[in-house]
Amino acid sequence: MAMTLSLRALSPRRLGWKVSPLGVLAACVIVFWAVIAVIGPWVAPHPPGEIVDYDFFGPLSAQFPLGTDYLGRDMLSRVLAGARYTVGISLAAVMLACTAGVVLGMTAAVIGGWTDTAISRVLDAVSSIPSKLFGLVVVAAIGSSIPVLIAVLAVVYTPGSYRFARALAVNVNTMDYVTVARARGERTGYLIRAEIMPNILGPVLADMGLRFVFIVLMLSGLSFLGLGVQPPNADWGSLVRENMGGLSFGAPAVLVPSLAIATLTISVNLLIDNLPTRIRDRSE
Amino acid sequence: MNPQVLTLILGRIGVAVVTLLIVSLIVFAATEMLPGDVVQILLGQAATPEAVAGLREAMNLDQPAFLRFLGWLGGLAQGDLGHSYANRMAVAELIGGRLVNTLKLAALTAAFSVPVALMLGIVTAIWRGSLFDRLVSSVVVAVISVPEFLVATLAVLIFAVWLGWLPALSFGGDTSSIWAVLRAYAMPVITLSFVVSAQMIRMTRAAVIETLKSPYVEMALLKGASRARIVLRHALPNAIGPIVNAMALSLSYLLGGVIIVETIFNYPGIAKLMVDAVATRDLPLIQGCAMIFCLGYLLLITIADVVAILANPRLRQ
């Protein structure tokens, strides 16, 4: 066992920049959904809010490729239009969470001492509230709107990002070149920007992808509970909720949005797992 | 147990208590942010200035928020969770029976998923890279990266719609036979087990693989010990700490999963109670449920940490 391990560590795959075909496929799916998120409403065959079929929970047909929903609206159009909410809100939230987490993490690592302890304790307390529960309580208190959703998701996932960035930054912080920079009197801002940041960027980006998956899942969960994107707009989680009534007779309207979420999240996971090692983890 | 370890564990429990205090402050503050006046909403049409002032005083809403927080905290410590806005019943009473239902669901899920996940986690770690390992790991990654409701939806489609073995979404009170009870619990338990097991298999596998990398395992390999002996005698005893840690952490995923699963299957547990309370904005009820959830979560995380301290001498510095 140990033998095979050391052999693996020397193979070119471990050393180099090789990208696997699976990773390329995953990247294609992600790009596809990203494009749909931008142009979705324009390529939809029917207006997403319009009742186009007298039958509800219709099966797959030539006219309605993904069936119709509980009111007889075209599912394909609704999924295409919903991509904008799921991808857009998640992307905004992950940007906020990771920017805040990484900046705080690097600051804590560079300054150390009391600042470090204070930031860590507060964020630990935040992360000891189960995420869905936090979402429920806040949405119950101030109601659901897109800015509130983005803020809640960002707050919930900041501590994880902070802990990850801080652990990396602490290691970089002990390097000689950081000590040298400190000795020649550079300010904290410079140390963070020019010495720490470039050296943790790869793993931080990979971590951001993982966090994006968590955020998509939580947003879908909240929408599924009726606390996310409010009607008449609908993200993929809301689409599942709306059509839950069709589940007991296996309507495609329940499964299609769920599968849309699954393709997105699984692709992001696959892409990260198949990233070149150089990007994913510089310490290896 | 030596005093140093005891101090560490007491310290960890102290941190948990402080965290619980901070969490209660956050929960209280979040529910304080409600725009609009609770009293106005409660009285509705009958909101004359006198009635509003009277009810406000009766509900102690005329006191500053900090005093109300202390009062609420004091009540919590004595098991008094206040009264529901919706029907004036004691929150503790409303929660009681529902909590038992949820604990039943959680216990059944744990009893079912812990042995299965342990076995799969260890086996996949031993036969790392084999077809079986790759198969299990792919399923695990798939389950982890999809929402809980997709797992539930697929379970309903497979077991209720296509195979017709189990009832779909109804959770009736039919307790006429053990079989009926089992059938009623099957769907939520299957869904939750999938979600929790996936986390558990992943963490267990990682813990065992980590141990298999250690020098003493290499030594055992070099001296010619059999594979079974290496795993059972050398690796497993050292992996038990991380594995129990992983178990406790994965069980905390139950808390998130249970919210979705109880909603889908209409299961009369505490999570469903809370989701309904959110719909009616019943703040005392939401606060009570939220505190119970946080307590359970902290309990599991603290157990995980304490086990890690006990199992790994290097964490004792």
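Derivation of every value follows stated rules applied to the coordinates shown; laboratory data play no part. Predicted model, so just to flag it, every value in this text is computed and none were measured. Don't worry about glycine lacking a Cβ; one is built from the backbone with ideal geometry, like all the others, and counts go over all protein chains shown.
Calculated FRET efficiency, B:Lys104 and A:Asp176, Cβ-Cβ r, R0 45 Å, to nearest 0.05?
Numbers: r = 58 Å, r/R0 = 1.30.
Once the sixth-power term is evaluated, E becomes 0.15.
Would you kindly state how much longer the chain becomes between B:Leu73 and B:Trp127 on full extension, computed as 0.36 nm times their sequence separation minus their alpha carbon distance, in nm to one decimal?
Contour length minus the Cα-Cα distance gives 14.3 nm.
Whole-Hz Karplus ³J(HN,Hα) for segment B:23-30, in order, using 6.51 cos²θ - 1.76 cosθ + 1.60 and θ = phi - 60°, x for Gly and Pro?
Going residue by residue, I get 4, 5, 5, 5, 4, 5, 5, 4 Hz, with x marking Gly and Pro.
Hey, in the GNM for chain A with a 10 angstrom Cα cutoff, which one of A:Pro203, A:Pro252, A:Pro147 fluctuates hardest?
A:Pro147
Shape verdict for segment A:126-168, please, from the Cα gyration tensor: rounded (a/c under 1.5), prolate (a/b greater than b/c) or oblate.
Details: a/c = 4.53, a/b = 2.02, b/c = 2.25.
It comes out oblate by the Cα gyration axes.
Taking only Cα atoms of segment B:207-302, what ratio of Rg to Rh do you get with Rh as the Kirkwood inverse-distance radius? Please list the in-between numbers first.
Details: Rg = 21.4 Å, Rh = 16.4 Å.
Rounded to two decimals, Rg/Rh equals 1.30.
Determine ³J(HN,Hα), in whole Hz, for all residues of segment A:25-42 in sequence, where each value follows from phi through the Karplus function 6.51 cos²θ - 1.76 cosθ + 1.60 and θ = phi - 60°; x replaces Gly and Pro.
4, 4, 4, 4, 4, 5, 4, 4, 5, 5, 5, 4, 4, 7, 9, x, x, 7
Describe numerically, in nm with one decimal, the distance between label points set 7 Å from Cα along Cα→Cβ at A:Ala167 and at A:Val43.
3.8
Roughly how many nanometres apart are two label points built 7 Å out from the Cα toward the Cβ at A:Asp55 and B:Ala92?
That separation, rounded to one decimal, is 5.7 nm.
Please work out how much length the chain gains when fully extended from B:Val18 to B:Ala58, using 0.36 nm per residue of separation minus the C-alpha to C-alpha distance, in nm with one decimal. Before the final figure, lay out the partial values.
On the way: separation 40, 0.36 × 40 = 14.40 nm, distance 3.10 nm.
Stretched out fully, the B:Val18 to B:Ala58 stretch lengthens by 11.3 nm.
Along segment A:178-186, what does the Karplus equation 6.51 cos²θ - 1.76 cosθ + 1.60 (θ = phi - 60°) give for ³J(HN,Hα), rounded to whole Hz, x for Gly and Pro?
6, 4, 4, 4, 5, 5, 7, x, 6
What is the Cα convex hull volume of chain B when expressed per residue in Å³? Walk me through the numbers before you get to the answer.
Details: hull volume 58.0 nm³, N = 317.
It is 183 Å³ per residue.
Once you've got the GNM for chain A with C-alpha springs shorter than 10 Å, pick whichever of A:Thr174, A:Thr158, A:Thr99 has the biggest mean-square fluctuation.
Greatest mean-square fluctuation among the candidates belongs to A:Thr174.
Counting partner chain Cβ atoms within 10 Å of every residue's Cβ in A:122-131, what's the average? Before the final figure, lay out the partial values.
Working: counts 1, 0, 4, 9, 4, 2, 13, 11, 13, 2.
So the per-residue partner count for this stretch is 6.
Extension gain B:Val141-B:Asp276, at 0.36 nm per residue separation less the Cα-Cα distance, in nm?
45.4 nm
Can you list the residues, at least 5 places off or on another chain, whose amide H is less than 5 Å from the amide H of A:Arg73, using H built in the peptide plane?
A:Val52
Which residues in segment A:127-146 have a backbone N closer than 18 Å to a point placed 7 Å from the Cα of B:Glu32 along the Cα-to-Cβ line?
A:137-143
Provide the descending list of Cα extents for chain A along its principal axes, expressed in whole angstroms.
Result for chain A: principal-axis Cα extents of 75, 49, 37 Å.
What whole-number distance in Å separates the alpha-carbon centres of segment A:163-204 and segment A:231-279?
First find each Cα centre; the distance between them is then 38 Å.
Given the rule -39500 (n - 2.57) for each run of at least 4 DSSP H residues, summed and divided by the residues of chain A, what is its mean residue ellipticity at 222 nm, to the nearest 500 deg cm²/dmol?
Values: 12 runs with 197 residues, N = 284.
Only helices count here, giving -23000 deg cm²/dmol.
Counting helices only, and only those DSSP H runs with n ≥ 4, report the 222 nm mean residue ellipticity of chain B as the sum of -39,500 (n - 2.57) divided by its residues, in deg cm²/dmol to the nearest 500. Don't jump to the answer; show the numbers that get you there.
On the way: 13 runs with 228 residues, N = 317.
Computed mean residue ellipticity for chain B: -24000 deg cm²/dmol.
With the convex hull built on the Cα atoms of the protein assembly as shown, state its orientation-averaged projected area in nm². Walk me through the numbers on the way to the answer.
Details: hull surface 134.0 nm².
For the protein assembly as shown, the mean projected area of the Cα convex hull comes to 33.5 nm².
Using a/c under 1.5 as the rounded threshold, could you call segment A:161-247 rounded, prolate or oblate? The axes a ≥ b ≥ c are square roots of the C-alpha gyration tensor eigenvalues, and prolate needs a/b larger than b/c, oblate otherwise. Numbers along the way, then the final one.
Details: a/c = 5.52, a/b = 3.97, b/c = 1.39.
In terms of gyration-tensor shape, prolate.
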